[in-house]
Every structure is written in C-alpha cells, then in structure tokens.
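The values are calculated or read from the model by the stated rules, or taken from the named source; none is laboratory data. If you're wondering where the values come from, they're calculated on a predicted model, not measured in any experiment. Glycine also receives a Cβ, built like all others from the backbone with ideal geometry; neighbour counts cover every protein chain displayed. The area values use the complete protein model at the heavy-atom level, side chains included, leaving out ligands, DNA and RNA. Shrake-Rupley method; radii C 1.70, N 1.55, O 1.52, S 1.80 Å.
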Amino acid sequence: MKPIVLKHAYLPDALTVELRERYDLREFSQMSDADVEAIAGDITALVTNGEAVVTRAFITRLPALSLIAVFGVGYDGVDVAAARERGIAVTHTPGVLTDDVADLAIGLMLATSRRIVAAQKFIEQGGWQQGGFTWTRKVSGARLGIFGMGRIGQAIARRAQAFDMAISYTGRQPRSALPYRFVPDLQQLAQESDFLMLCAPGGDATRGVVNAAVLEALGPQGILINIARGSVVNETALIAALERGAIAGAGLDVFTDEPNVPAALQQRDNVVITPHMASATWETRREMSRLVLENVNAWCTGEPLITPVP
Ligand code: 8YV
C-alpha cells in the first residue's frame with residue numbers, strides 16, 4: 001500500500017503529478033473536516049508551501065504524521081516546535097531559490113528608487129506629451145542596510161557590490177568572514193541606510209520589528225524593500241509612514257494578509273508591489289519541486305533527509 005501523503009496547500013502541477021504517481025496523494029483543499037478525520041490516522045506525510053500555516057492543533061489531528069515537507073525556504077508557517085515534540089521531521093527548500101529572490105530584491109530596489117512602474121504609467125497616460133517625468137533617486141553608491149545576512153541577504157549584498165553600494169547589516173550575530181559592516185541594532189541600521197532590505201526569516205522573533213520607530217529612522221529619503229515575510233513589517237505603521245512622507249517609498253513582494261494587499265499600498269507612485277513571486281521562475285520552481293520530492297522519497301525509503309530544517 002502506498003503511504004498517504006496530504007497535499008496541504010498550493011503546489012505546482014508537475015510536483016502534484018509526481019507525488020500522485022508515487023504516493024496516495026490526498027488534497028486537503030478538496031476534503032471536509034470529516035474526510036480528514038476519516039484518514040487522519042493514516043496520513044504519514046504532509047506537503048505544504050512557504051505561505052501556508054500548519055498549527056500545533058492541526059499537527060495534533062494527525063497522529064501518524066512523521067514528515068512535513070515545505071515547498072519554500074521559509075518555514076515560519078509551520079509550528080516546528082510542535083512537530084519536534086512529536087518527532088516529526090520538517091524539510092524545506094533552501095539554496096535553490098536564493099538567486100531568484102536576490103534578483104527580485106535588486107529589481108524592486110531599482111524599480112522603486114527609479115520609479116520604473118510609475119514612469120511606464122506616465123507614458124501610457126499621455127504624461128510625456130505634457131513634459132518630462134519627475135527626477136528619481138540614485139541607487140549606485142547608496143547605502144544599503146540588510147536585515148538578515150543569511151544566504152539570501154548575502155546574495156543581495158554580492159549583487160549590491162556591483163552597484164558600489166556601501167553595505168551594512170544587522171542580524172542575530174556578526175559574520176566576521178563577510179566584508180560588510182555589522183550594526184547591532186535595526187533602528188540604527190535604518191538610520192544609516194538609504195535602502196533598508198528585509199531578508200530575515202518570519203516568525204515570532206521578527207514579528208512587526210519594522211515598526212514606526214524604524215521607519216522614522218529610515219527617514220524621508222529612505223526606501224524599504226521587503227522580500228522576506230509580510231509579518232516582519234507592521235503594515236499599519238508602513239502605510240502611515242508612506243502617507244505622511246516619513247519614508248520615500250517601498251518595494252514589497254510580501255504582505256501581512258496575502259493575497260490581500262491593502263488598498264493604501266496600491267496605486268502609489270512610490271510603492272512597487274509584486275505578488276509574492278520572488279522564487280517564481282520556471283527554473284527555480286522546478287528545482288524547489290525536485291527538492292521536495294527528493295525529501296519525501298528519502299523519508300519514505302528511510303534515507304537521510306536532503307534538506308531538513310536546522
Ligand atoms: C514561495 C517562499 O513563494 O521560499 C519561501 O519561503 O515564500 C516562496 O519561495 C512559496 O513557498 C511557494 O508557495
């Protein structure tokens with residue numbers, strides 16, 4: 001008998017097909033509570049994505065669960081402590097999406113600072129016939145503050161070096177091997193940056209840490225870029241800061257209540273928004289899918305997991 005695997009949230013079609021070929025795949029989105037209850041004792045693996053939430057209560061409902069495989073590098077949606085208490089392994093997809101996320105981060109920084117989206121709208125709305133587009137802010141040589149100097153933060157820093165940016169960072173600890181300046185405090189980092197780039201993992205430790213005081217410190221010429229998690233930013237404070245000109249703009253790929261983006265963040269010339277798409281290229285989504293499948297297969301055959309969460 002094939003092991004029962006629960007597809008808990010959105011996964012690419014090709015990955016779903018491969019999982020279905022190998023396992024008895026059940027789709028959570030098509031099941032009632034009673035359906036889940038009926039097979040709860042036989043569900044051994046759960047595959048979810050980086051945005052979905054797997055609570056302690058949900059884990060408790062699945063007594064035979066032994067693997068949670070996350071399609072994504074961020075696993076802040078999963079109650080890892082609850083999983084560990086039960087001896088349930090958790091895997092994710094680090095590394096394969098680093099380049100794409102860093103690329104989009106740089107794209108958002110350029111698009112926001114140079115107002116690329118607003119400039120396109122300017123042409124499309126006939127503005128050019130009336131005069132030139134407003135001047136924008138220079139990226140090359142500016143001060144970049146990175147919050148979270150993990151794999152993605154470092155990939156962004158390497159790209160930013162090509163723009164001759166002065167790079168500083170904050171995070172849990174200084175990384176002495178890196179050639180960038182460590183600043184112990186997020187507010188100080190904001191104060192000393194033209195661009196504040198958020199790369200820190202989501203979760204309780206970072207919830208709402210980009211608050212009114214940090215945005216105030218970033219200042220009226222400062223730009224916030226978030227490719228991490230919406231939860232890292234106090235979105236109400238961000239909207240207020242944009243409305244009163246406390247910061248110059250924001251480039252955002254992630255939001256507090258996805259897929260709902262507050263109207264106050266839309267239709268602004270100084271805000272560039274994308275729908276949590278940093279890792280969504282064909283190449284990377286294929287690699288992420290491969291890694292999920294390899295982890296599930298390894299778990300199933302008793303081999304060591306490829307990318308367990310640390
Ligand atoms: C994905 C992500 O959008 O890796 C992550 O943590 O947030 C993204 O790459 C997500 O996991 C796919 O649903």
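Which numbered condition trips up V47, out of (1) open to solvent by less than 10 Å² (accessible area, probe 1.4 Å); (2) more than 16 Å from the ligand (Cβ to nearest atom)?
Every condition holds for V47 apart from (2).
Can you tell me which residue in region 79-107 is farthest from the ligand (Cβ to nearest atom), limited to those that are in contact (Cβ under 8 Å) with a residue 40 or more places away in the chain and of a type in the set (V, I, T)?
Per the criteria, the residue is I106.
Assuming A111 fulfils every condition listed in (1) more than 16 Å from L293 (Cα to Cα); (2) buried (at least 18 other Cβ atoms within 10 Å of the Cβ); (3) not assigned by the TED database to the domain that holds P259 apart from one, which condition is it?
Condition (3) is where A111 drops out.
Go through R86, R143, R137 for me and flag whichever is farther than 16 Å from I225 by Cβ and among the basic types (K, R). Break it down into steps so the answer makes sense when it comes.
Values: R143 fails: farther than 16 Å from I225 by Cβ; R137 fails: farther than 16 Å from I225 by Cβ.
Result of the check over R86, R143, R137: R86.
What are the residue pairs meeting all of these: first residue in region 188-213, first residue in contact (Cβ under 8 Å) with a residue 60 or more places away in the chain and closer than 23 Å to D164 by Cα, second residue assigned to a helix (DSSP H, G or I) and of a type outside the set (G, A, S), Cβ atoms under 8 Å, and 6 or more apart or on different chains?
Within 8 Å, the pairs are F195/M109; M197/M109; M197/I156; C199/I152; C199/I156.
Only one residue in L104, L108 is in contact with a Gly (Cβ under 7 Å, 6 or more places away or on another chain) and closer than 17 Å to L196 by Cβ, so which one is that?
L108 is the lone residue from the list that is in contact with a Gly (Cβ under 7 Å, 6 or more places away or on another chain) and closer than 17 Å to L196 by Cβ.
Could you run through region 259-300 and say how many residues are away from the ligand (no atom under 16 Å from the Cβ) and either assigned to a loop (DSSP other than H, G, I, E, B) or modelled with pLDDT under 95 (or both)?
The qualifying residues number 7.
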